[in-house]
Amino acid sequence: MLNTLKATVGTLALSAGLTTMALAEDLSGTLRIISDMSNPAPRAVMEGLAAGFDEQHPALTVELEVVDREAWKSQIRNALTANPPDVVNWYAANRMGPYVRAGLFEDISDMYASGDLPGLDSVKGAMTMDGKQWGVPYTYYQWGIYYREDIFNELGLSEPATFEEEIANCQKIIDSGRKCYTIGSKFLWTAGGWFDYLNMRTNGFDFHMQLARGEVEWTDDRVRETFANWRKLIDMGAFIDNHQTYSWQEALPFMLKGEAAAYLMGNFVVPHLREAGLGDDQIDFYQFPKIADVAMGEDAPTDTFHIAANAQNKAAARAFLQYVTSAEVQTKINAADGLGQLPVNANASVGDDEFLQQGFEMLSTNATGGIAQFFDRDFPAEMAALAMEGLQEFMVFPDNLDDILNRLESARGRIYK
C-alpha cells in the first residue's frame, strides 16, 4: 500500500531549511519511491527524506512504499518491469549489474559529468558500469578489526600495521589463553569478509575485482597465496573453535567475555558491543593490516538510490537524487540518531562517535586501493553462495583446499558464460 506523504513531516524530516541546494525547476506531479529501508531507524530516515523533499515542492506529491528488505531482493525485478516507480533502493557495484544489463536502471552519467552531484568522487566507481553511472550512494560503513583495547593493554600490544605484527600479536593472545578472533560462520558471509581482506591485502583490489568478475581462475597461484596467508592464522589456532555452529551474533559473547580479543566485522557490531556493557575504553578499531606492497582496498558496503528506466517523473527523480546526496542531508541521515553510518558526500560532517570518525578517516584518506562492496555483493549470487561454502569449509578443513579450489574453478566456468 502506498503511503502518500503530502505535507507529513516527521521528526527526521529534512525540510527546506536544512539544505541550501538550488533546484532548477518547479517540480509537479507524483514522485513514487519504493524503499527497502524497513527496519525501524532506517524507515524513520526514509520517511523523513520523502517528507522533507515533499515539503520543498508544493506542487509535487511524494508517494513512498516501504517493503521488507529481504523480500525486496526477489521483488525488485518485477517492480521495475510492471508499472515501475520512479526511484528505488538497491546496492552498488556488481549487485546493480543485472538491472543495468536488463535496461531497468536509468543512465545518469550526465549528472556526474555536469557537477550536479558534488562530493561523490570517492564512490563514483561503485556506481559505474560500462563507463556509465547508474545511481547514487547514500550511506556506507566501514569494515575492519574491532578489538578489546583492555586486553591489548594488559598484554602490552599495539595496533598492528603489518601482517607480521598481526601474527605476533596473535601469538601473544594465544599464549595468554585466549583466541585471537571470534567469528560465526554458520551463515557463511563472515568467512567471505576474511577472504576479501586477505585477498585484497595479498594481491590488491584490482585482482580481487578480476576474480569477482570471473576473469581469474580460482586455481591461480595468487589465489593460493591468499589461502596460504589465511592458513597461517588457522594453523596457529587464531579462531574460536566450532565457529561454523554460530551466527555472527552468537559469536559475540566470546569477545564480550574476553575469551577472544577481536572481531573482523562491519561497524554495525559497535552498538551490540556497547549494549552488552563494553565501554569505549574497552573497545577500539584498526584497519586490516598490510600484507604485500599493494594499495589498501576496503570493504564498505554501499546502499544506493536508482531511477527506474521507465520512470514517469524523471525530473523529480533526478532532483531527489541531488537532494539525498547533498552534504547537509548526508550529514543528517547518517548521524547517530539516524542511520548511524558514514556519509558518502566528502563535504558532509561526521558526528562525534569515535568509530564513525575512524571509519570516515580511513575510507576518505587510506582506502587508496578502492572500495569493495563485500564478497556476496561483488561476486554473482550463485558464485558467491558456492564460494562462501568453500571458504567456511577451508576454515574448518584447510587440507581440503585443492578440492575446494577445483570445485570453485569448475563453477566459474559454468557461471560466467
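Annotations for the structure displayed:
- Rounded to the nearest 0.05, the FRET efficiency derived from the C-beta distance between Arg274 and Asn78 at R0 = 51 Å is 0.80.
- Dipole magnitude of the range 347-393 about its Cα centre (Cβ charges: Lys, Arg +1; Asp, Glu -1), debye to nearest 20: 200 debye
- Ligands, DNA and RNA excluded, the heavy atoms of Trp72 present near 0 Å² of accessible surface to a 1.4 Å solvent probe.
- Comparing Gln287, Tyr141, Ala113 along the charge dipole axis of the chain, the residue lying farthest to the positive side is Ala113, per the Cβ-charge model.
- For the residue pairs Lys186/Lys290; Lys124/Lys332; Lys179/Lys290; Lys73/Lys132; Lys73/Lys417, the C-alpha atoms sit more than 26 angstrom apart in Lys186/Lys290.
- Put simply, the convex hull of the Cα atoms in the range 112-231 casts, on average, a shadow of 10.6 nm².
- Scaling against 2.2 N^0.38 Å puts the C-alpha radius of gyration of the range 270-417 at 1.36.
- Distance from the C-alpha centroid of the range 89-152 to that of the range 333-397: 11 Å, rounded to the whole angstrom.
- Global geometry of the range 209-339, whether rounded, prolate or oblate, following the gyration tensor of its Cα atoms and the 1.5 cut on a/c: oblate
- Protection proxy ranking of 351-358, 138-145 - average other beta-carbon atoms within 10 Å, highest first: 138-145, 351-358
- The residues of the chain expose on average 40 square angstrom of accessible surface per residue, using a 1.4 Å probe on protein heavy atoms.
- Accessible area of Ser176 in the full protein assembly, 1.4 Å probe (Å², nearest 10): 50 Å²
- Using a simple spin-label model with pseudo-atoms 7 Å out from Cα toward Cβ, Ser349 and Ala381 lie 4.1 nm apart.
- Given R0 = 25 Å, the distance between the Cβ atoms of Asp241 and Asn406 translates into a calculated FRET efficiency of 0.35.
- A simple spin-label model places the labels of Thr128 and Tyr416 2.0 nm from each other, with each point 7 Å out along Cα-to-Cβ.
- Working ranking of peptides 273-286, 44-57 by packing, defined as the average number of other Cβ atoms within 10 Å per residue, highest first, is 44-57, 273-286.
- With an a/c value of 1.5 or above and a/b larger than b/c for the gyration tensor axes a ≥ b ≥ c computed over the alpha-carbon atoms, the range 339-417 is described as prolate.
- Of all DSSP-defined beta bridges confined to the chain, some 60% are antiparallel rather than parallel.
- Dipole magnitude of the chain, debye to nearest 20 (Cβ charges: Lys/Arg +1, Asp/Glu -1, about Cα centre): 980 debye
- Derived from the Cα gyration tensor, the three semi-axes of the equivalent ellipsoid of the range 269-310 are 31, 24, 5 Å, largest first.
- Shape of the range 156-200, Cα gyration tensor, a/c cut at 1.5: oblate
- With all protein chains in place and a 1.4 Å probe, the accessible surface of the chain carries 47 percent carbon and sulfur.
- With all pairs of separate Cα atoms included, the chain yields a Kirkwood hydrodynamic radius of 22.4 Å.
The values are calculated or read from the model by the stated rules, or taken from the named source; none is laboratory data. What you see is a predicted model; the values in this text were computed from it and never measured. Note: ideal-geometry Cβ built from the backbone for every residue, glycine included; neighbour counts use all protein chains shown. We work out accessible area using only protein heavy atoms, side chains counted, and drop any ligands, DNA or RNA first. Shrake-Rupley method; radii C 1.70, N 1.55, O 1.52, S 1.80 Å.
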